[in-house]
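The values are calculated or read from the model by the stated rules, or taken from the named source; none is laboratory data. What you see is a predicted model, and the numbers here were worked out from it, not measured in a lab. Note that each Cβ is placed from the backbone with ideal geometry, even for glycine, and that neighbours are counted across all protein chains shown.
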Amino acid sequence: MHNFHRMNSEILGAMLRQGCCHFNFEYVLAIMETVIEEEVQPSEKFLEHLENFQKICQRKIRNKVSCISAPKRFESSSVEQFIFYCYKMWKFSFKELR
């Protein structure tokens, strides 16, 4: 007997919130990829957290936050990669699933 577990929107949302709070871009990107791979329909709250995270990242780039005042994981190249490539590509891929 196989015991398979599938990710659901609530679990992924909780994981996403933690990744966003800690500016852990690899973790956030992995969660975004899981949504696509597992074909999980993200909740409105999930999408809201992701959108807010993207806005925070854009604001930090605009304000040119120094690494001293930003979390250790916050690096300009990571933020730019997330905003300008990964997030936009993920939104495009997600729209194709609908």
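A compact table of results
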read-out	value
Output for segment 36-92, where each listed residue is of a type outside the set (D, E, K, R), at pLDDT below 65 and not in a helix (DSSP H, G or I)	V65, S66, C67, I68, S69, A70, P71, F74
Selection within segment 8-26 - surrounded by 12 or more Cβ atoms within 10 Å (Cβ to Cβ) and within 20 Å of I61 (Cα to Cα)	G19, C20, H22, F23, N24, F25
